[in-house]
Each structure stands twice: as structure tokens, then as C-alpha cells.
Amino acid sequence: MSTLLRPMFHRISSVRLLGTAAPRTVNGSRLPMAPSKDDSIPPEKLTFDDPSAFHVKTFRELLRALGVFQLCSFPVLVNNCGKLMSVARSLLGKTGFSMILRPSIYAQFVAGESEAEIAVAMEKMNSLGLRTMLAVPIEEDLGESTGERRYDDNLEAMLECVRISHSNACADPMMQLKITALLSPELCVSLSHIHSGPSLLQSFHFPGLTQSENTHFLHGLRRLNKIGETSFLKVRVLVDAEYTYMNPALSLVTMAMMKKFNQKGAWIWNTYQCYLKESRSLLLDAIGQSVSQSFCLGVKLVRGAYMDKERMLAAKEGRPDPIQPSWKDTNKSYNGLLDILLELVSQNTECFRVIVATHNEESVRHAVSRMAELGIDKNCGSVCFGQLLGMCDHVSLTLAQHGFSVYKSVPYGSVDDTVPYLVRRAQENRTVLQGIRKERDLLRQEMKRRLKERLMGYRKKC
């Protein structure tokens, strides 16, 4: 093992965001400009009911979003989207399938394939006051492991993501990382079963693993260390949580990376899923490690997206249900953990950072209100908001227009590379997709307003 890894796994235990104006044109095309920011609005006046948030969208973008959201409102389509896309690809062929998906679903949720396309998407979001959090659509689940060479190829893709994020973003860029793109899910499950605390990462041979598993683990640690070294002081890396049967291993290596790279700032972040009953204890444990071992903590706070599968597996294996009893309990968990994190940020904006990653308007308003009560400057860079590209724009754009830091999770890649990723996200977030009625209604209102203006303008000319 490289000596560079030693401090990373030693003694592990149980900017102001600079608003950089984006260019008005990209590749000769004029970009919409965000309305001037209104920093004076009190939290109780913040509303997400105004269709004017969509003034910055083109008519074509409005039409595309309405069409895609209409499709997403049918449960049978969302639940069977993987099979439907597979059949469509077989019937239409690769080229025909791509011709249909590219201007519709792909364009709604994906930034593009080439670096030039990604740069255009990033510049456009910057012009609207939004920031980008690039996501390489690579991940694996049990039974999908593809070998060491594939993981090395994935590493190169992740390093390229670091480079693109750093070279194109205006300030404080972020990217997402799936550890199962670099370590096999089977190994993560094995580690989760044998992980018993700090002693696991104190030697170069890990008890309970086979020789081949040990070898693969060391290769995986080198890959993760390479990402940490390359992104350090350039791009903040947000590690995604996945399934509970592998999360202990993911948190183990993520906290180890924090110990090495977060000495003077939060460059490696971990994700906490508030729909899990254990989310509070996991977060408090992480905070305790951060304080006792003097490293900075970055937290991506989410509700969670694997509820159905988690409950099904728990029932099949005779385990207690790991998910909160109700949606109300999940909301209570989310807002409660958010309060803990905001209190910490108010005490030390350098050591603690959080991204409020949610489409839930109540939680967003709660965060804005608590920030005001605690005196947290929206420009301090320690609290930001996050939503998925192509969704919840009425919340993202409204927050950005009022001066808050807002990131959009932005996948990129070819149609073939991103379709499996989009299918998984659609099935995991189907309750969100089926609950986008409000955004769809606001889009319709904005479209009606524009059609009415055009009609009135036509009549005046006549």
C-alpha cells in the first residue's frame, strides 16, 4: 500500500460563494439572465407559488418539461420505464432510440455528452444563479461487479469529472461520487458485516476478508485516495449513500477520507438518509468523530430513495424495518437533523457545512427560517441547497433569485450510459416524480401567460 494512504486510514474511530457573472452568450447563443437578486425578503415571505420563476426558460424548455412531467405522472410508465426503454431500443435500434430520447427525457435530466455540451449547460445554469454538482452516472449493485479494469476505467471517468468541475464552474464546485463505482458491492457488504470499529483500518490486512477481497480493497483504497488528492482544494466531493447493506462500509472509507483531506476545510462530504431510523445516531457519531479528531464535516442531508427495496429486503430476511414508520416521521427526522447541523454551522462556519438536498418546500422554508434566526449569512458558503437537474426548478430558481446558494445535481454522458442511471433514479424517486403536479401547474400558467402575450401582440399588429 502506498505510504500516501497511511494518514488516510490512521486512527479512524466508531467562501463565501463568489457570484461570478456568466457570459451572456455561449457558442454564439444568447443566454437568459437571472433576475436581480432580492436579498431583503424575510423568510416567512418566501413562496414557491409564483410561475414568474420560469420567465428565464425558453418556450421550448417549457413545452419539453410539461411533456416529460405529464409522462412521469403515470405510475405504470414510471414503474416499468426500464422494460419500456429496453423494448423501445430493441425496436428502434441505437440511433432511432437516441433520436427520440435526446430531445426529450435526456435533454430534461442530462447535461450532455461532450465536454462542450456540459460547458454550455453549466454556463446557462451559472447565468441563472444556479451552481452545478456534476454526477458521473456509474454505480453497481450486487451481482453487477465488472472487474478491476472496469473500476480503473471508472476512476479515470471520476478524475475527468474533477477536471471538468474545476475548469468550468465559477466558484466552489461540487461533484457526486458513488463508491460502488470504485469498489465492488460484494466487498462493501462483506466489510459492512465485519466492520467493528476503528481497528479495521489500522493494518494492511483486513480480518474477515479473503486474500482476493483484501487485494481488491487495497486497489479500491488507492483509487479513492487518488480522487481525494486530485480534488483537494479544488472540488468538494459528495459521497452518496446507497443501500443499508453496504452503507457501513461506505461510511467507513468516507470518514477515513475526511480524516485525511478535511483538516482545513470540508472537501469530502458524506450523505445521511433521514428516512432511516438510525440516521440521527449515525450523524451524531460522525459529528463526535469530527470534533474529537479535529477534522471538518461536510454533510449532504437527504430523505432517501431506496425505501421500497429496503423494506422488501428487511421483510424477506426477517429483519426489523429500517425505514421510519411514516412520511411524517421522515419529515420530523429531516428537520430535526437539519436543526442540529445549522446550530453547528452557526458556531463554526469553517468546520461544518451542509447541503439541504431536498425538493420538499416545507424543509426548504424551515432551513431559510432557521438560518435567519441563527444569523447564518446566506453568502458564507456553509449552507446551500440542492435539487435534481430538470426537477423542482420553481424552488431552485426562487432560492437563487433571493441570493441563496443552489446546486443542481447534473448527470452527464451518452444516452446509453445515462439511461440505466435515469431508470434507477426514476424508480427510486417515483413518489417525487408522481408528485410534481404543482410544478406542472406553474409551468402551464407560465405557458398560458406567454401565449396570451403573443396573441395580444399579434392583435395589436393587426
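The values are calculated or read from the model by the stated rules, or taken from the named source; none is laboratory data. As the structure is a prediction and not an experimental result, all values here were calculated from the model. No Cβ is skipped: glycine too gets one built from the backbone with ideal geometry, and neighbour counts run over all protein chains shown. Ligands, DNA and RNA are excluded from the accessible area calculation, which covers all protein heavy atoms including side chains. Shrake-Rupley method; radii C 1.70, N 1.55, O 1.52, S 1.80 Å.
Scanning region 274-316 for residues that are small (G, A, S), open to solvent by 10 Å² or more (accessible area, probe 1.4 Å) and in contact with a helix residue (DSSP H, G or I) (Cβ under 7 Å, 6 or more places away or on another chain) yields a count of 1. Taking residues in region 79-100 that are surrounded by 14 or more Cβ atoms within 10 Å (Cβ to Cβ), and partners anywhere that are assigned to a helix (DSSP H, G or I) and among the basic types (K, R), the pairs with Cβ atoms closer than 8 Å and at least 6 places apart or on different chains are N79/R430; F97/R89. Filter region 251-273 for residues that are open to solvent by less than 10 Å² (accessible area, probe 1.4 Å) and either farther than 18 Å from G288 by Cα or of a type in the set (V, I, T) (or both); which is farthest from the chain's Cα centre (by Cα)? By that ranking, first place goes to V253.
Evaluated against (1) at pLDDT 95 or above; (2) in a helix (DSSP H, G or I), V237 falls short on exactly one condition, (2).
Going by the conditions given, is K448 open to solvent by less than 30 Å² (accessible area, probe 1.4 Å) and among the basic types (K, R)?
So K448 fails the test.
Is it true that some residue in region 223-238 is of a type in the set (S, T, N, Q) and out of contact with any helix residue (DSSP H, G or I) (no Cβ under 8 Å at 6 or more places or on another chain)? The answer is no; no qualifying residue exists. Quick check on my filter: what residues within region 261-272 are out of contact with any strand residue (DSSP E or B) (no Cβ under 7 Å at 6 or more places or on another chain) and under 10 Å from F232 (Cα atoms)? Across region 261-272, the qualifying residue is only G265. Going by the conditions given, is V368 modelled with pLDDT of 95 or more, in contact with a strand residue (DSSP E or B) (Cβ under 6 Å, 6 or more places away or on another chain) and surrounded by 20 or more Cβ atoms within 10 Å (Cβ to Cβ)? Considered against the rule, which asks whether it is modelled with pLDDT of 95 or more, in contact with a strand residue (DSSP E or B) (Cβ under 6 Å, 6 or more places away or on another chain) and surrounded by 20 or more Cβ atoms within 10 Å (Cβ to Cβ), V368 comes out as no.
Restricting to region 129-152, name every residue that is assigned to a loop (DSSP other than H, G, I, E, B), open to solvent by less than 20 Å² (accessible area, probe 1.4 Å) and among the β-branched types (V, I, T). Result: V136, single match.
The selection criterion, being under 27 Å from M246 (Cβ atoms) and open to solvent by less than 20 Å² (accessible area, probe 1.4 Å), holds for I323.
Every condition in (1) within 20 Å of the chain's Cα centre (by Cα); (2) under 22 Å from L276 (Cα atoms) is met by A400 except one, and the failing one is (2).
Here are some residues: L342, L374. Which one is open to solvent by less than 10 Å² (accessible area, probe 1.4 Å), modelled with pLDDT of 95 or more and in contact with a Leu (Cβ under 8 Å, 6 or more places away or on another chain)?
Answer to the check: L342.
All of (1) at negative phi; (2) buried (at least 17 other Cβ atoms within 10 Å of the Cβ) hold for S104 with one exception: (2). Considering only residues of region 346-357 that are open to solvent by 10 Å² or more (accessible area, probe 1.4 Å) and not in a helix (DSSP H, G or I), which is farthest from R131 (Cα to Cα)? So the residue we want is N348.
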